[in-house]
Amino acid sequence: MTFVQGLLAGVDELRHKAHLFKIRNPFIYESIKFLFFSFFIILFVARGLNGLNYRWQWYRMSDYIYEITENGISAGPLLSGLRLTLFVSAVSLILSVVIGFVSALFRLSESVTAVIVSRVYLEAVRNTPLLIQLFLIYFVVSPILGIGRMLSAILALSLFEGAYTSEIIRSGIISIEKGQWEAAHSIGLSRVQTYRRVILPQAFRQVLPMLASQAISLVKDSALVSTIAIYELTMHGQVAISESFLTFEIWFTVAAIYLIINSCLSLIIHIFERRMNKVSI
Amino acid sequence: MKEKIIGETIIEVDSVSKTFDRRIKALRDVSLKVKQKEVVVIIGPSGSGKSTLLRCLNGLEETERGSIIIDDTPLDEHHKNRLKIRTEVGMVFQNFNLFPHMTVRDNIRTGPRFVRKEAIDEVDIRTEDLLEKVGITDKIDSFPRQLSGGQQQRVAIARALAMNPLIMLFDEPTSALDPEMVGEVLEVMKTLAHEGMTMVVVTHEMGFAREVGDRIIFMDEGKIVEESSVEDFFENPEKERTKLFLSKILDNGGCE
Ligand SMILES: Nc1ncnc2c1ncn2[C@@H]1O[C@H](COP(=O)(O)OP(=O)(O)OP(=O)(O)O)[C@@H](O)[C@H]1O
Ligand SMILES: [Mg+2]
């Protein structure tokens, strides 16, 4: 028996025993597992960092999170960056759903022009990097249209995410069986009414999980707009590092903030989904 | 039993043909007239074009040749005519096709509310009446998935009736049902027939055809092979093809 085989056999036996112990509360069991793994990961990272001789100065971090002025406590660079990240993401999310929705309907329409427009849009967006799209919009399109940096950022993000949202929505719509269209037709509903009352409510439920992960991608991708000097979370992080040299602390904090935003987002969507499932289907 | 007075012609199908994918001839030169209050039963082997004929009648399929006139309205390219026909012709499908995200109540009132733009109080009263008629009063706030197949099909009938149609089309309404649920759906259909609804029914339920059918149409390979009164059809079918088919379905216990 090789070492690996022995190990596997050992794990099997342990699992068997764990079953015998009958850990009633899966939550406790999972928590123990989680702590166990976290412990090793932290140990591993800490050892690596020791080798780097990094001097942790977490106590200095507070300056970058909040500021104390005569008027009381106000947001520090990272929190005001967070505010902008949330703003850019929220506006882009709404716009991207609108764009995605229209593009999906174009794609499914009978008009050849509409189909071509949406195909070209999808292919262009999905086959070029977001960074390049951002630069194109900021350096080429925005002077022509006379729009500012903020609008360019929002436009680029919405167009980019909208393409993926469009495909998600389209997949939801075509997953609805033909019989639903026929039933709607037979009671006289128009095309628009059929979409609104019959197809979209079902399609939406179907693709909600995919839309959720698209929203999370959007929040993460919004970090890229820092490249056109939008002072959102990532940009503020970079600036803060250049003046304080708290490289690790700040990157960890920035990462943690993204993690928190997205965890909240997941949670909200999860609750939403649960509630919808209770109501019907 | 059949005291009803058959009225004027309400469906007029004139040499209609339909080809799928350039080669599958689903209908070949089909002509058919149905009068008000008449119950026409269509039978025939699988692939003979029964569903296609029915679907042409409410514009679910486009015809390529021939004409269809329903209640003096031609089913042509005019949107207004097509909409009128869609709302006047109710359809019941083999697989019910209820809207799964809506309650029974919403399934039934969607048409009247959004197509006919009726006041909601009025629609709600009618919804309850219709559910009483199809015998499902206690499920008004249930979702389709909470109902048995037979109940779902009865709700589907109520949904079609909610539009106050002049004509009801049924495409094998009982063939997706467990045998013990067939009866309850046929009962509702028989009631409708006795009330004088004009009906075109694709079914292999010969008991139903004998009891309420006025005319039987036998289709094969996209054509109407035989068309006769119910009595003649069962007692002395003319064509060999019909006899063969009849003997098959009657042997299979198609006669309830
Ligand atoms: N949407 C479609 N695309 C291509 N072919 C079709 C389509 N619908 C029907 N057909 C073909 O047309 C012919 C007639 O079909 P139809 O569904 O009308 O038959 P049917 O008599 O209803 O049969 P069944 O008893 O199986 O329901 C068949 O050969 C079928 O394969
Ligand atoms: Mg059929």
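Values for this structure:
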item: For q = 0.10, 0.13 Å⁻¹, Debye-computed log10 I/I(0) when each Cα of chain B counts as one equal scatterer; result: -0.49, -0.84
item: Eligible lysines near B:K223 by straight Cα distance, threshold 19 Å, same-chain separation 8 or greater; result: B:K18, B:K25, B:K33, B:K50, B:K239, B:K243
item: Exercise: per-residue mean of other protein chain Cβ atoms within 10 Å, A:188-195; result: 4
item: Normalised alpha carbon radius of gyration of segment B:113-256 [divisor 2.2 N^0.38 Å]; result: 1.20
item: Segment B:219-243-segment B:158-177 distance, computed between alpha-carbon centres (Å); result: 25 Å
item: Ratio of the Cα radius of gyration of segment B:61-167 to 2.2 N^0.38 Å, where N counts its residues; result: 1.16
item: Alpha-carbon Debye profile of segment B:1-102, log10 I(q)/I(0) at 0.13, 0.14 Å⁻¹; result: -0.53, -0.61
item: Charge tally in the Cβ shell below 15 Å around A:S166, where Lys, Arg are +1 and Asp, Glu are -1, A:S166 excluded; result: +1
item: All Cα pairs of the protein assembly as shown, percent lying beyond 30 Å; result: 65 percent
item: Convex hull (Cα only) mean projected area of segment B:8-63, reported in nm² to one decimal; result: 4.0 nm²
item: Value of D in µm² per second that Stokes-Einstein yields for segment B:167-219, Kirkwood Rh from Cα pairs, at 10 °C (1.306 mPa s); result: 139 µm²/s
item: Where only C-alpha atoms are counted, convex hull volume of chain A per residue in Å³; result: 270 Å³
item: Stretchable slack from A:S175 to A:R191, in nm (0.36 nm times residue separation minus alpha-carbon distance); result: 4.1 nm
item: Proximal aspartates and glutamates to B:K190, defined as alpha-carbon separation beneath 18 angstrom and excluding residues fewer than eight positions away on the same chain; result: B:E3, B:E38, B:D129, B:E132, B:D171, B:E172, B:E180, B:E205, B:E211, B:D214, B:E231, B:E256
item: Projected-area mean, segment A:102-201, by convex hull of Cα positions, square nanometres; result: 7.6 nm²
item: Whole-Å semi-axes of the ellipsoid equivalent to segment A:144-281 (Cα gyration tensor, √5λ, descending); result: 40, 20, 9
item: Net charge over other residues, Cβ less than 10 angstrom from the Cβ of A:S186 (K, R count +1; D, E count -1); result: +2
item: A:L86-A:I132 FRET efficiency (beta carbon distance; Förster radius 41 Å; 0.05 resolution); result: 0.95
item: Using a Förster distance of 41 Å, the FRET efficiency for B:K80-B:E187 (Cβ separation, nearest 0.05); result: 0.65
item: 12 Å beta-carbon shell around B:D72, net charge (K/R +1, D/E -1); result: -3
item: Relative contact order (percent, whole number), chain A, Cα cutoff 8 Å, 6+ residue spacing; result: 22 percent
item: ³J(HN,Hα), Karplus 6.51/-1.76/1.60, whole Hz, each residue of segment A:149-166, x for Gly, Pro; result: 5, 5, 4, 4, 4, 5, 4, 4, 4, 5, 5, 5, 5, x, 5, 6, 4, 4
item: Separation in nanometres of the label points that stand 7 Å from Cα toward Cβ, at B:D129 and A:I41; result: 6.5 nm
item: Virtual spin-label span in nm between B:R145 and A:I32, 7 Å along Cα→Cβ; result: 3.6 nm
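We did not get these values from a lab; they are worked out from the coordinates using the rules stated. What you are looking at is a predicted structure, and each value in this text was computed from that prediction instead of being measured. Virtual Cβ from ideal backbone geometry, glycine too; neighbours counted across all protein chains shown.
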